[in-house]
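Beneath this line is the structure, given in structure tokens, with notes to follow.
The values are calculated or read from the model by the stated rules, or taken from the named source; none is laboratory data. Since we're looking at a predicted model, the values are computed, not measured. Every residue, glycine among them, receives a Cβ derived from its backbone with ideal geometry; neighbour counts consider all protein chains shown.
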Amino acid sequence: MSSSTWEIITSALPQIITAAINYTIPLTLISFVLGLLLALITAMVRLSPLRGPFQIVRGLFWGYVWLFRSTPLLVQLFIVFFGLPNMGIQFSPWTAAIITFTLNVGAYSSETIRAAILSIPNGQWEAALTLGMTRRQVLFRIILPQAVRVSLPPLSNSFIGLVKDTSLASSITIVEMFTVGQQISARTYEPLLLYSLVALIYLVICTVLTILQGYLEKWTSRYVPTQH
Amino acid sequence: MLQLEHVNKIYGERHALNDINIAFPEHKTTVIVGPSGSGKSTLLRSLNLLERPESGLYHFDDLNVDFSKTVPEKEILQIRRQTGMVFQNFNLFPHLSVLRNVTEAPIHVLKQSPAAATSTAKGLLAQVGLAEKADQFPTALSGGQQQRVAIARALAMKPKYMFFDEPTSALDPELEAEVLRVLLKLAQEHNSMIVVTHNMEFARGVADQIIFLEDGEILYSGDPQTFFTEPTARIHDFLSAMNFMIK
Ligand SMILES: Nc1ncnc2c1ncn2[C@@H]1O[C@H](COP(=O)(O)OP(=O)(O)OP(=O)(O)O)[C@@H](O)[C@H]1O
Ligand SMILES: [Mg+2]
């Protein structure tokens with residue numbers, strides 16, 4: 001490796017990592033936590049047996065999931081950041097990014113959570129109901145704790161996907177990892193090196209998450225006999 | 001006292017319960033028998049409102065439910081808190097230890113203190129011979145042990161009535177015997193019980209009242225002696241078929 005290459009690496013790496021710490025990681029974490037909350041509410045509304053006016057609410061949530069799963073994330077980002085100001089709604093880049101990522105990951109994860117809840121055998125509901133629990137108690141004490149185990153692998157997919165999708169925030173002026181790489185590569189004429197460095201940091205973050213997922217899966221499956 | 005009057009339950013074309021009139025006396029064991037698909041489970045599950053019949057009246061002590069109207073959530077909870085149910089497939093909560101399976105409802109439904117619920121649960125587990133399994137997860141237990149935990153879990157709510165829907169049908173004969181011994185003891189202690197079973201020997205030994213169902217209708221209700229010694233032609237056929245299966 002030539003000494004100039006080494007110099008570029010040692011000066012670029014800290015900048016890319018700083019961008020990861022300041023933008024990529026907080027954007028991912030905040031959006032995912034809010035998205036999960038939204039996903040849980042959406043799944044519960046869509047599974048609720050309530051009738052009457054409540055059916056309109058259920059319809060609205062169905063429409064939300066449909067909309068955000070049927071349009072590209074990049075287009076959603078542009079509409080929220082560049083489009084809504086036309087209607088007098090102006091967000092900072094940060095707010096626009098968090099709103100869009102939250103809504104997007106919430107739509108996908110709500111389907112994961114809904115499927116996980118539905119995968120728990122009906123006998124669990126019945127056993128808990130006959131003990132006098134309310135539907136809410138059954139859901140939170142009996143069904144969701146078991147659904148967590150089922151939904152962990154697909155939710156980890158969404159989480160890891162979101163880490164990488166935050167690179168799209170570069171298109172709405174957020175100087176996250178990818179933008180930093182782009183800027184340095186424009187200065188040094190070393191696109192291969194710079195984009196590889198950026199890829200490397202994504203790889204490291206996602207590897208850590210994959211290992212974490214492994215531990216979580218082990219812990220949430222502690223009551224399941226060894227599987228093959 | 002539990003009592004049903006003119007209760008009907010229809011699934012599409014199928015009359016699963018056809019004008020059911022029956023009382024289940026307190027401190028007695030009522031055994032429900034009948035061929036597969038005759039409506040035994042539907043009858044039992046109507047008593048804790050897991051199934052909702054289309055019409056008829058249900059009297060639970062002073063509480064009167066009219067199935068043709070919407071039953072208020074409060075009444076449903078009230079009935080379920082006073083009835084325990086044991087299922088064919090145990091339906092233990094797999095993510096909770098054996099002990100927590102038994103304490104969960106007393107703590108969160110009856111609002112007992114964890115300490116009180118735990119000490120009651122330990123007593124009940126000892127009663128069904130499983131004191132040393134308290135800290136295991138249900139999947140580490142045999143079917144017979146799981147079913148005894150399920151019985152302890154239901155008893156922990158101190159229900160007025162206990163319902164059993166073929167509690168031993170998923171078990172091997174030796175495991176069946178260990179569960180039936182627990183049931184027999186409960187019956188001898190004059191608990192109020194309703195048991196659906198295919199085990200005629202057990203039915204004969206434990207029943208104070210016996211009900212024979214076919215096609216959603218009660219063809220016999222009364223004392224077990226007459227049922228087994230002077231059966232009608234239809235009941236005779238049913239009993240011989242059951243005997244053939246056992247031998
Ligand atoms: N959810 C349902 N939807 C449609 N039909 C049903 C449903 N549940 C029960 N049935 C029908 O109602 C009738 C009574 O069923 P039930 O389960 O009460 O019978 P059972 O006497 O308990 O039979 P088994 O001995 O096989 O358990 C059957 O014909 C069954 O097919
Ligand atoms: Mg049945």
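To keep it simple, each residue is scored yes or no on (1) within 11 Å of ligand 1 (Cβ to nearest atom); (2) outside any helix (DSSP H, G or I).
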| site | (1), (2) |
| --- | --- |
| B:His6 | no, yes |
| B:His15 | yes, yes |
| B:Glu51 | yes, yes |
| B:Lys74 | no, no |
| B:Gln78 | no, no |
| B:Asn89 | no, yes |
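Looking only at region B:158-200, count every residue that is assigned to a helix (DSSP H, G or I) and within 20 Å of B:Ser38 (Cβ to Cβ) and tell me the total.
Residues flagged as assigned to a helix (DSSP H, G or I) and within 20 Å of B:Ser38 (Cβ to Cβ) within region B:158-200 amount to 1.
Does region B:8-50 hold any residues that are at pLDDT 95 or above, away from every other protein chain (no Cβ under 14 Å), over 24 Å from B:Asp208 (Cα atoms) and more than 15 Å from ligand 2 (Cβ to nearest atom), and which are they?
Selection gives B:Asn8, B:Ile10.
Take the residues in region B:192-216 that are polar (S, T, N, Q) and closer than 19 Å to B:Ile22 by Cβ, then tell me which one is farthest from ligand 1 (Cβ to nearest atom).
Applying the filter and picking the extreme gives B:Ser192.
Looking only at helices (runs of 4 or more DSSP H) that fall completely inside region A:133-228, which ones have 2 or more residues that are surrounded by 18 or more Cβ atoms within 10 Å (Cβ to Cβ), within 14 Å of chain B (Cβ to nearest Cβ) and touching a residue at least 12 places away in the same chain (Cβ under 8 Å)?
A:144-165
Just wondering, is there one or more residues in region B:166-180 that are of a type in the set (S, T, N, Q), more than 14 Å from chain A (Cβ to nearest Cβ) and over 25 Å from B:Thr30 (Cβ atoms)?
no
Condition check ((1) buried (at least 21 other Cβ atoms within 10 Å of the Cβ); (2) free of Cβ contacts under 8 Å to residues at least 12 places away in the same chain; (3) more than 16 Å from ligand 2 (Cβ to nearest atom); (4) acidic (Asp, Glu)) across all residues:
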site	(1), (2), (3), (4)
B:Phe164	yes, no, no, no
B:Ser169	no, no, no, no
B:Glu176	no, no, yes, yes
B:Asp215	no, no, no, yes
B:Gly222	no, no, yes, no
B:Gln225	no, yes, yes, no
B:Thr232	no, no, yes, no
B:Leu239	no, no, yes, no
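Of a type in the set (Ser, Thr, Tyr), over 23 Å from B:Ala152 (Cα atoms) and either free of Cβ contacts under 8 Å to residues at least 24 places away in the same chain or crowded, with 19+ Cβ neighbours inside 10 Å (or both): which single residue out of A:Ser119, A:Ser109 fits that description?
Within the list A:Ser119, A:Ser109, the selection yields A:Ser109.
Is it true that B:Ala121 is more than 9 Å from chain A (Cβ to nearest Cβ) and more than 28 Å from B:Thr197 (Cβ to Cβ)?
Here the answer is no, as B:Ala121 does not meet what is asked.
For region B:77-96, enumerate the residues that are surrounded by 18 or more Cβ atoms within 10 Å (Cβ to Cβ), without any contact (Cβ under 8 Å) to a residue 60 or more places away in the chain and farther than 20 Å from B:Val179 by Cβ.
Result: B:Ile79, B:Arg80, B:His95, B:Leu96.
Could you check B:Gln146 against (1) closer than 29 Å to B:Lys28 by Cα; (2) touching a Ser or Thr at 6+ places or on another chain (Cβ under 7 Å); (3) not basic (Lys, Arg) and say which number it fails?
Condition (2) is where B:Gln146 drops out.
Quick check on my filter: what residues within region B:51-70 are within 14 Å of another protein chain (Cβ to nearest Cβ) and either in contact (Cβ under 8 Å) with a residue 60 or more places away in the chain or surrounded by 15 or more Cβ atoms within 10 Å (Cβ to Cβ) (or both)?
B:Glu51, B:Phe60
Report whether or not B:Leu219 is modelled with pLDDT of 95 or more and either part of a helix (DSSP H, G or I) or more than 16 Å from ligand 1 (Cβ to nearest atom) (or both).
No.
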